[in-house]
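Trainee: A single structure is presented below for examination.
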Amino acid sequence: MNDWRFACQPGCTDCCRRKGFVYLTERDLDVAAAFLGVSRRAFEKQYVYRTRHLLRLRKPRSAECPFLKEDGCALHPAKPTQCRLYPFWPELAGSRRQWRRAARECPGIGRGPRIPAGTVLRLLEEMREAYPP
């Protein structure tokens with residue numbers, strides 16, 4: 001596939017409202033805590049669910065993400081890798097069919113300038129490295 005176009009649309013938070021979890025890397029945890037001006041420990045205690053093999057944001061009952069506010073992401077400058085790289089996830093951008101399917105839910109897919117294949121491959125690799133199977 002070589003026709004990737006994506007431009008996040010102002011005011012859109014559709015990707016933040018999708019069902020599922022926001023997984024974190026250890027670096028994501030550090031960056032978010034520093035951005036909020038709290039210790040890593042305090043951030044993790046309040047916002048993170050940790051198991052032996054993964055970290056993810058705790059989901060409040062009323063929303064998908066504790067940082068999704070009316071006007072957008074309260075963590076925007078320090079977004080977790082998963083959020084920052086959307087929609088360039090291997091399962092989406094690696095398949096023409098899945099990319100088209102994601103475009104039905106994301107108004108930014110198909111907009112903006114064409115993204116070179118090398119850039120897409122680097123983003124996909126970053127995602128794979130951050131979240132190994």
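Trainee: Quick one: if the Förster radius is 30 Å, what FRET efficiency do residue 19 and residue 46 give, using the C-beta to C-beta distance and rounding to 0.05?
Mentor: About 0.85, to the nearest 0.05.
Trainee: If the chain between residue 9 and residue 98 were fully stretched, how many nm would it gain, using 0.36 nm times the residue separation less the Cα-Cα distance?
Mentor: Contour length minus Cα-Cα distance gives 30.0 nm.
Trainee: Next up: Please report, in debye to the nearest 20, how large the charge dipole of the chain is about its Cα centre when each Lys and Arg carries +1 at its beta carbon and each Asp and Glu carries -1 there.
Mentor: 380 debye
Trainee: Now, a different point. Hey, what angle do you get for helix 117-130 against the long axis of the chain, alpha-carbon based, 0 to 90 degrees rounded to 10?
Mentor: 30 degrees
Trainee: Looking at 108, 31, 46, which one has the Cα that reaches farthest to the positive end of the dipole of the stretch 4-130 (charges on Cβ: Lys, Arg +1; Asp, Glu -1)?
Mentor: Looking along the dipole axis, the top candidate is 108.
Trainee: Could you tally the net charge around residue 40, taking each other residue with its Cβ under 10 Å from the Cβ of residue 40, Lys/Arg +1 and Asp/Glu -1?
Mentor: Local charge sum for residue 40: -1.
Trainee: Could you give the length gained by full extension between residue 62 and residue 125, i.e. 0.36 nm per residue of separation minus their alpha carbon distance, to one decimal place?
Mentor: This chain segment gains 19.4 nm when fully extended.
Trainee: Let me ask you something else. In the stretch 1-105, what is the volume of the convex hull around the alpha carbon atoms, normalised per residue and reported in Å³?
Mentor: Each residue corresponds to 120 Å³ of Cα convex hull volume.
Trainee: If you don't mind, another one. How far apart, in nm, are two points set 7 Å out from the Cα along the Cα-to-Cβ line at residue 70 and at residue 54?
Mentor: Inter-label distance under the simple model: 3.3 nm.
Trainee: State whether the stretch 79-133 is rounded, prolate or oblate according to the following rule on the C-alpha gyration tensor (a ≥ b ≥ c being the square roots of its eigenvalues): a/c under 1.5 gives rounded; otherwise a/b larger than b/c gives prolate, and the remaining case gives oblate.
Mentor: Prolate is the answer for the stretch 79-133, as a/c is 1.5 or above and a/b outweighs b/c.
Read-outs: derived from the displayed coordinates by stated rules, not from any lab. Quick caveat, the model's predicted, so the values are computed rather than measured. FYI the Cβ positions are ideal-geometry reconstructions off the backbone, even for glycines, and counts take in every protein chain you see.
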